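What follows is calculated from the coordinates using simple rules that are stated; it is not laboratory data. Note that the structure is predicted; figures quoted are calculated from it, not measured. Counting neighbours? That spans all protein chains shown, and the Cβs are built from the backbone with ideal geometry, glycine included.
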Amino acid sequence: MSAENCSSPVFQGFSRSLDFVTLQNGLLFIFAAVVVLYYASRRRKTRKRKLPGPGQHFLGAFANILALWDMKKCLKVFENWCGKYGPVFTLNFGPYSLTVLNSPEYIQKLLGSKDMDYFGKGFIYKPFKPYWQDGLLTSKGEKWKFRRKLLERHIFSFKTLTGYMSIFNEEGDKLVKQMEEIFSDGSERGIEELLMSASLEIITSATLGKTVAQLEAATNVDITFPYAINQAKEIIAKRSKEPWLLLDFIWRLHPLSNVEKVILSAAKKLMAATLIKNPVQNRQIGIGINEALLSAGVPVEESITLICALPPLPPLVPRPSSPHQELCRKEVDSIFEDEDLCPSGQL
């Protein structure tokens, strides 16, 4: 090959592509080697454990990754594991070893414990970290305890619950009306976007006292709130099922890392404009949440992380007594026992 050909832009671009592929393959090889060595070492240390679980063999950690690879089938795979291995089992996933609780009673006991000596958050929380930062669901120890007390005082109360219910009812009526209009001709249509929009309206109204339209109008960003949420979901799901992407130096090479930067930048502007320039002051539930946190000595940045942790929490606000809880559980179980509603045991 002549020197002239070697200096051409096409050849140089091809050479750079080969270099990147070689680097990527080298990183994957190193990652696989580390996983094998780590798993072999951990297996020797935990051999005395008698908890069952899938992939209890040398390459089981990789087999479990492949089993959960298809996002459309992974819930069914996990359901089969839960049925096969019972209320508590171990799951080797890449370089990580997980203990899975598949029992409401066990989960209730764990979450109701006041013991602060449990292990820190597992690797599954890492993809959420850029979005929730050091909020309630990702913090631990005394910091978690302090934030939990603040939220329990200002959020988890009967008055707060009634505020949530008014929002749920209002947005629920809107959703039913929209569905009646969309399905008036009896044809089939997808409802994912419709449910996403309704859920976001409830979440933003309940936690920030503003509708999605009001939030988007508060800042000058190029992406919509639903788009940002959907992209974040895809990124979190991808990093969770491909554990090598949890390594920051590998994740920075992935194209989606740039998408994540755009989403985080827009989210930061949105939250800052909403909480700092336009204090929460609407629709009952929003009254005083931000002000209460600030008056308790929580910095603005920390208030933002606390508010960011609120969207998954509204369903957890009710704290019924044990008899009430048991009645709710029986009512849910009765749905799956109904052959008309669940002919194959699936809702």
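Among ILE182, ILE263, the order by Cβ neighbours within 10 angstrom, fewest to most, reads ILE182, ILE263. Counting Lys and Arg as +1 and Asp and Glu as -1 over every other residue whose Cβ lies under 15 Å from the Cβ of PRO255, the net charge comes to +1. As a proxy for reagent exposure, TRP81, TRP132 were ordered by neighbouring Cβ count within 10 angstrom, fewest first; the result is TRP132, TRP81. Listed by chain and number, the lysines placed with their C-alpha closer than 21 angstrom to that of LYS330 are LYS109; residues fewer than eight positions away on the same chain are left out.
Of all aspartates and glutamates in the structure, the ones whose alpha carbon falls short of 13 Å from that of LYS114, not counting any fewer than 8 places away in one chain, are GLU142.
Can you flag which of LYS126/LYS268; LYS210/LYS269; LYS140/LYS210; LYS177/LYS269; LYS241/LYS261 are past 22 Å Cα-Cα? The pairs that break the limit, which is 22 Å between Cα atoms, are LYS140/LYS210; LYS177/LYS269. With the simple spin-label model, which puts each label point 7 Å out from Cα in the Cβ direction, the PHE146 to LEU264 separation comes to 2.3 nm.
Only counting other Cβ atoms within 10 Å, I'd like HIS254, HIS57 sorted with the fewest neighbours first.
Fewest to most other Cβ atoms nearby, the residues stand as HIS57, HIS254.
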